[in-house]
Number of protein chains: 2
Amino acid sequence: MPFDAHQFKDIDPGERVLMGPGPSDVPGRVLQALSAPTIGHLDPTFLSIMDETQSLLRYVFQTKNRFTIPVSGTGSAGMEACLVNLLEPGDQAVVCANGVFGNRMADLVQRLRAELVRVDGAWGRAIDPEKVKKAVKGKTPKILAVVHAETSTGVCQPLEDLASIAREAGALFIVDMVTSLGGMDVGVDRIGIDAAYAGTQKCLSCPPGLAPLTFGPRAMEVLGSRKTPVASWYLDMSLVSSYWGKERKYHHTAPVNMIYGLRESLRIIAQEGLKDRFKRHLRNHRALVAGIEAMGLSMLVPEAERLPVLNAIRIPEEVNDLKVRQALLHDFGIEIGGGLGELAGKIWRVGVMGHSSCPRNVFLFIAALETTLRSQGLKVKSGALKEASAVYSTF
Amino acid sequence: MPFDAHQFKDIDPGERVLMGPGPSDVPGRVLQALSAPTIGHLDPTFLSIMDETQSLLRYVFQTKNRFTIPVSGTGSAGMEACLVNLLEPGDQAVVCANGVFGNRMADLVQRLRAELVRVDGAWGRAIDPEKVKKAVKGKTPKILAVVHAETSTGVCQPLEDLASIAREAGALFIVDMVTSLGGMDVGVDRIGIDAAYAGTQKCLSCPPGLAPLTFGPRAMEVLGSRKTPVASWYLDMSLVSSYWGKERKYHHTAPVNMIYGLRESLRIIAQEGLKDRFKRHLRNHRALVAGIEAMGLSMLVPEAERLPVLNAIRIPEEVNDLKVRQALLHDFGIEIGGGLGELAGKIWRVGVMGHSSCPRNVFLFIAALETTLRSQGLKVKSGALKEASAVYSTF
């Protein structure tokens with residue numbers, strides 16, 4: 001039987017309200033930029049677009065680091081680009097692990113045959129810097145790596161103390177900003193972060209596919225003085241930097257249209273301004289939490305350690321996790337995330353990231369969740385929308 | 001000074017005629033698909049889009065291999081995905097190298113600490129299978145790897161004999177199809193290829209950013225019986241296959257919009273049909289070569305070993321390489337490629353790939369090149385367009 005080409009219809013993904021752990025809603029301007037005509041990766045016009053993208057990335061990373069680029073892969077490729085370039089076999093690597101993404105770093109450290117020093121923390125809590133200090137004591141780690149915004153738990157890890165610990169230990173301070181970049185203050189230069197990476201589909205509100213990355217001078221020095229080759233050709237940042245630098249030396253073919261989209265999403269951020277953007281995220285987060293708590297539900301993470309971009313809500317015991325998520329998707333077009341790992345079935349993860357962080361989504365979510373829980377027989381306290389409103393009128 | 005967001009204008013990459021070594025011209029339908037609304041990577045609608053993309057990829061690879069997916073990176077990430085998953089440290093790897101991309105495989109084999117057995121060939125010529133047979137003799141290689149369409153030289157490597165040599169040696173046969181997939185007969189199952197990868201920005205005429213990849217049963221067996229962990233988390237195909245398989249287990253966030261674009265580009269190919277598509281590529285190639293040779297220029301590669309999708313034209317000694325390419329770009333909007341490595345300054349690389357493979361582009365290129373060469377003082381024989389026309393009226 002010949003292959004029937006007509007079984008495939010025009011693309012029609014529908015429209016969703018993306019309030020999961022990513023992707024977030026993508027603004028029309030970004031989608032439109034994605035569809036601009038493809039040109040060559042060495043075309044003079046494209047080289048200018050690259051320069052502008054770098055300049056915009058430095059703005060959101062709050063850094064002057066020359067080597068600030070989008071890696072040609074998703075956020076996890078950014079993680080890998082950091083570790084594969086900055087670690088050599090046998091190096092000590094201290095990794096803070098209090099969720100899926102810290103664990104992923106630890107896994108990768110071992111694949112790269114570096115010596116893993118794990119600092120474990122409870123899922124749903126930030127890691128105590130004292131614990132890290134103890135773990136580092138007497139060691140000469142090459143890196144100290146931590147997740148700023150743990151997407152699996154909704155925890156925000158304060159970075160300042162860890163930066164000092166890394167500096168004192170002579171280690172590079174590496175930070176996963178996949179979920180925080182563009183929605184929270186990441187202060188790469190102010191805090192003294194040597195290497196960081198992010199994803200595009202969270203608070204940048206660009207489709208997934210690129211990993212913004214920045215290496216400071218100390219990271220570049222470590223990269224330049226390696227004794228062994230990087231165990232990846234694709235992610236060898238010394239080669240990639242020749243393409244993104246003045247030489248413009250061909251490495252791999254840059255994902256041209258994705259970079260159009262990223263540039264536009266960053267331009268939207270620059271137009272809003274980081275300060276206003278952070279405030280917007282905080283405001284919508286507080287309104288959402290006020291509504292959730294008014295319903296009688298509770299948050300996984302203590303207030304002081306909560307991310308303003310991703311909310312981990314405890315699932316009431318009487319409720320069927322999957323049924324609720326399916327109802328939200330089918331009846332209201334809302335995507336939220338379930339728990340991962342040890343939190344599977346125990347939390348919902350509700351993102352209010354980038355373009356998704358807006359009163360319209362917050363009100364919709366509260367109303368939709370209330371409706372769904374009621375229809376599944378749960379007794380929900382009333383007044384949630386009112387409590388959310390109150391946040392908007394006072395903050 | 002505060003950051004000035006208004007220095008960045010609306011995206012305007014202009015329009016080019018893409019006749020370099022990739023990217024090729026992207027059809028409007030593909031650009032439009034790219035800009036469809038982003039939905040979640042675990043959304044039921046997206047899962048269907050994944051299934052359809054896999055089915056379409058199997059069609060262009062000419063395979064029934066279950067594990068046929070787009071890797072979340074460009075063609076080079078596909079190369080890396082093949083080698084990092086199928087090689088372990090100490091394994092023997094026979095690599096045929098007669099251009100930049102064969103060399104890249106050899107480089108990667110060494111980064112992965114496998115034992116490299118190089119079979120070198122002249123740049124601009126196919127590799128003699130007898131040479132490979134000799135190199136393999138007495139060895140027990142894990143893989144035999146070769147580039148089907150060497151993008152740096154325009155050479156087509158016949159695959160049948162090498163497949164037999166690999167089979168006899170008990171090695172996996174790995175083929176780089178970056179530039180051939182979608183424009184030439186690759187016959188994965190018919191020839192007996194165990195693993196292959198490609199890029200999207202060549203004969204598929206989708207923007208760069210994904211790497212179609214297929215692993216046959218023997219490759220999956222090798223992957224499943226590894227003794228050491230894959231030295232990459234991002235490209236660990238045993239994890240990736242859990243997401244693309246029935247389990248749908250989250251690995252990394254799929255590049256949703258790029259997959260929309262790929263699906264549309266593959267749908268266009270299926271609608272045209274592979275047989276007609278291969279014939280179209282051959283026809284436009286022959287017309288282009290007829291025009292080039294009528295001008296008095298010559299091709300790098302002997303006729304029997306030429307790719308029908310990428311033409312390596314010798315640069316006449318009297319002519320300034322860069323000036324000609326700049327004039328083509330500025331005066332006619334045409335992008336072609338220069339030579340790489342030892343062929344830098346010696347050849348132009350002119351792609352007629354995918355959507356770019358059409359009489360309009362062929363006639364334009366011949367006329368523009370003739371005009372440019374004349375304006376630079378070269379004596380060009382007349383009648384090139386007529387010779388190209390003659391091909392269209394007889395083939």
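Sorting A:5-11, A:46-52 by their mean Cβ neighbour count within 10 Å, with the most densely packed peptide first, gives A:46-52, A:5-11. Computed from backbone phi, the HN-Hα couplings of the range B:114-130 come to 8, 8, 7, 10, 8, 10, 7, x, 5, 5, x, 10, 6, 8, 6, x, 4 Hz, rounded to whole numbers (Karplus: 6.51 cos²θ - 1.76 cosθ + 1.60, θ = phi - 60°; Gly and Pro given as x).
Sequentially through the range B:45-57, phi angles give Karplus couplings (6.51, -1.76, 1.60; θ = phi - 60°) of 5, 5, 4, 5, 5, 4, 4, 5, 5, 5, 5, 5, 5 Hz, Gly and Pro residues having no value and appearing as x.
Taking amide H positions as modeled 1.01 Å from N, with prolines and chain starts lacking one, the residues under 5 Å from B:Val17 and 5 or more places away or on another chain are B:Ile334, B:Glu335.
Annotation: lysines with alpha-carbon distance below 27 angstrom to B:Lys9 (same-chain offsets under eight excluded): A:Lys64, A:Lys202, A:Lys246, A:Lys249, A:Lys275, A:Lys279.
Ordering A:Ile127, A:Gly182, A:Leu116 by the projection of their Cα atoms onto the charge dipole of chain A, which places +1 on the Cβ of Lys and Arg and -1 on the Cβ of Asp and Glu, puts A:Ile127 at the extreme positive end.
Note that the range A:75-179 shows a convex hull volume over its alpha carbon atoms of 77 Å³ per residue. For B:Lys227, a cut-off of 16 angstrom between C-alpha atoms picks up these aspartates and glutamates, skipping any fewer than 8 places away in its own chain: B:Glu88, B:Asp91, B:Asp236. For chain A, the extents of the C-alpha atoms along the principal axes are 63, 59, 54 Å, listed from largest to smallest. Quick one: net charge around B:Arg66, please, counting Lys, Arg +1 and Asp, Glu -1 for every other residue with C-beta under 11 Å from its C-beta. Value of the local net charge: +3.
Shielding by partners for A:12-18, please: the mean number of other protein chain Cβ atoms within 10 Å of each residue's Cβ. Intermediate results must be reported in sequence, preceding the final value.
Working: counts 4, 14, 6, 4, 7, 0, 5.
Going residue by residue through A:12-18 and averaging, the value is 6.
Build a GNM of chain B with springs between Cα atoms under 10 Å apart, and of B:Arg374, B:Arg104, B:Arg286 the one that fluctuates most is B:Arg374. Of all beta-carbon atoms in chain B, the one sitting closest to the axis that brings chain B onto chain A gives B:Ser35, 2, with the distance in whole angstrom. Taken about its Cα centre, the protein assembly as shown carries a charge dipole of roughly 300 debye when the Cβ of each Lys and Arg holds +1 and the Cβ of each Asp and Glu holds -1. Label-point spacing at A:Pro44 relative to the other copies reads 5.3 nm, in ascending order, each point sitting 7 Å out from Cα along Cα→Cβ. Each copy carries A:Arg66; placing its label point 7 Å along the C-beta direction from Cα gives inter-copy distances of 5.1 nm, listed from smallest up.
The Cα-based radius of gyration and maximum Cα-Cα distance (Dmax) for the protein assembly as shown are 26.8, 88 Å. The distance from the alpha carbon centre of the range A:31-89 to that of the range B:346-394 is 36 Å, rounded to a whole number.
What FRET efficiency, computed as 1/(1 + (r/R0)^6) with R0 = 56 Å and r the Cβ-Cβ distance, is obtained for B:Asp128 and A:Asp10, rounded to the nearest 0.05? Present the calculation step by step, with values, prior to reporting the outcome.
Working: r = 48 Å, r/R0 = 0.85.
The calculated FRET efficiency here is 0.70.
Ignore the peptide's own chain and count Cβ atoms of other chains within 10 Å of each Cβ in B:223-235; give me the average, rounded. List each step's numbers first, then the result.
On the way: counts 0, 0, 0, 0, 0, 2, 6, 1, 7, 10, 14, 16, 7.
For peptide B:223-235, the averaged partner shielding equals 5.
Each Lys and Arg Cβ is given +1 and each Asp and Glu Cβ -1; about its Cα centre, chain B then shows a dipole of about 580 debye.
Ordering of A:348-357, A:266-275, A:198-207 by packing is A:198-207, A:348-357, A:266-275, highest average first (other Cβ atoms within 10 Å, averaged per residue).
Which value, in debye to the nearest 20, describes the size of the charge dipole of the range B:274-394 about its Cα centre when Lys and Arg Cβ atoms bear +1, Asp and Glu Cβ atoms bear -1, and nothing else is charged? Write down the numbers at each step before the final one.
Values: 17 positive and 12 negative charges, 85 e Å.
Once rounded to the nearest 20, the dipole reads 400 debye.
Under 5 Å from the amide H of B:Ala97 lie the amide H atoms of B:Val119, B:Asp120, B:Gly121, each residue being 5 or more positions distant or on a separate chain, with H modelled from the backbone and absent for Pro and chain starts. Would you list which lysines come within 18 Å of A:Lys379, measuring only between C-alpha atoms, while excluding same-chain residues fewer than 8 positions from it? Those lysines meeting the cut-off are A:Lys323. Between A:His285, A:Ser375, A:Val350, the Cα set farthest toward the positive side of the dipole of the range A:273-394 (charges on each charged residue's Cβ, about the Cα centre) is that of A:His285.
When Cβ neighbours within 10 Å are restricted to other protein chains, what is their mean count per residue of peptide B:200-213?
Across B:200-213, the average partner-chain Cβ count within 10 Å equals 4.
For A:Val71, the amide hydrogen comes within under 5 Å of the amide hydrogens of A:Ala211, A:Leu213, counting only partners 5 or more places away or on other chains and with H modelled in the peptide plane. A straight line joining the Cα centroids of the range A:186-250 and the range A:107-170 runs 20 Å.
Using a 7 Å projection from Cα along Cα-to-Cβ, the label point at A:Gln7 is separated from the same position in the remaining copies by 5.3 nm, smallest value first.
Counting pairs of alpha carbon atoms under 8 Å apart in space and at least six apart in sequence, what relative contact order in percent does the range B:333-395 give?
Details: 30 pairs, mean separation 11.9, N = 63.
It comes to 19 percent, rounded to a whole number.
When the Kirkwood radius is taken over all Cα pairs of the range B:252-328, what Stokes-Einstein diffusion coefficient follows at 25 °C and 0.890 mPa s, in µm²/s? Each step should come with its number before you reach the end.
Working: Rh = 15.6 Å.
So the translational diffusion coefficient is about 157 µm²/s.
Every number here is computed from the coordinates shown, using simple stated rules; none is lab data. Bear in mind the structure is a predicted one, so any value in this text is a computation, not a measurement. Here Cβ is always computed from backbone atoms with ideal geometry, including for glycine, and neighbour counts include all displayed protein chains.
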